[in-house]
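Here the structure comes first, spelled out in structure tokens, and everything after it is commentary.
The values are calculated or read from the model by the stated rules, or taken from the named source; none is laboratory data. For clarity, every value in this text was computed on a predicted model and none was experimentally measured. Methodologically, a virtual Cβ is constructed for each residue, glycine included, from the backbone with ideal geometry; neighbour enumeration extends over all protein chains shown.
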Amino acid sequence: MGYGKQTCNPPARFLASVTSIAIADMIRALWQVTDEAAYERLLEIVTEMTMDYIDAHPELREQPAPDMWHYRDEQEDRVDYDEDDETDR
């Protein structure tokens, strides 16, 4: 729950803020999953939903986007080097 939080959480928060409520809800659900297979499947669903959202809103491809790294939360995304790397998210 360390390095993965630093690299995945800010982009996930960015997506949740600029796409649909349904995608944001799926991202929040993704953060609760502990089973690796379920996590991978839910990640595929979020990816598909995001691609569908972009296809439905082609104007997004032309607009400048905020820097996703500005969605960092220093407290929540803190690296804990004592935790097992396999649980990183």
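Quick check on my filter: what residues within segment 18-45 are of a type in the set (Gly, Ala, Ser) and part of a helix (DSSP H, G or I)? Passing the criteria: ALA22, ALA24, ALA29, ALA37, ALA38.
Taking first residues from segment 10-31 that are more than 19 Å from GLN63 (Cβ to Cβ) and partners that are surrounded by 13 or more Cβ atoms within 10 Å (Cβ to Cβ) and among the acidic types (Asp, Glu), the Cβ contacts under 8 Å between residues at least 6 apart in sequence or on separate chains come to PRO10/ASP77.
A Cβ distance below 6 Å, combined with a sequence gap of six or more or placement on separate chains, defines the contacts here; from segment 58-73, residues that are more than 14 Å from THR19 (Cα to Cα) reach residues that are at pLDDT 75 or above and outside any loop (DSSP other than H, G, I, E, B) in the pairs TRP69/PRO10; TYR71/PRO10; TYR71/ARG13; TYR71/PHE14; ARG72/PRO10. May I ask you to verify whether ILE54 is surrounded by 15 or more Cβ atoms within 10 Å (Cβ to Cβ) and at pLDDT 90 or above? The answer is no for ILE54. Counting only residues that are surrounded by 16 or more Cβ atoms within 10 Å (Cβ to Cβ), at pLDDT 90 or above and out of contact with any Phe, Trp or Tyr (no Cβ under 8 Å at 6 or more places or on another chain), segment 17-37 holds 3 of them.
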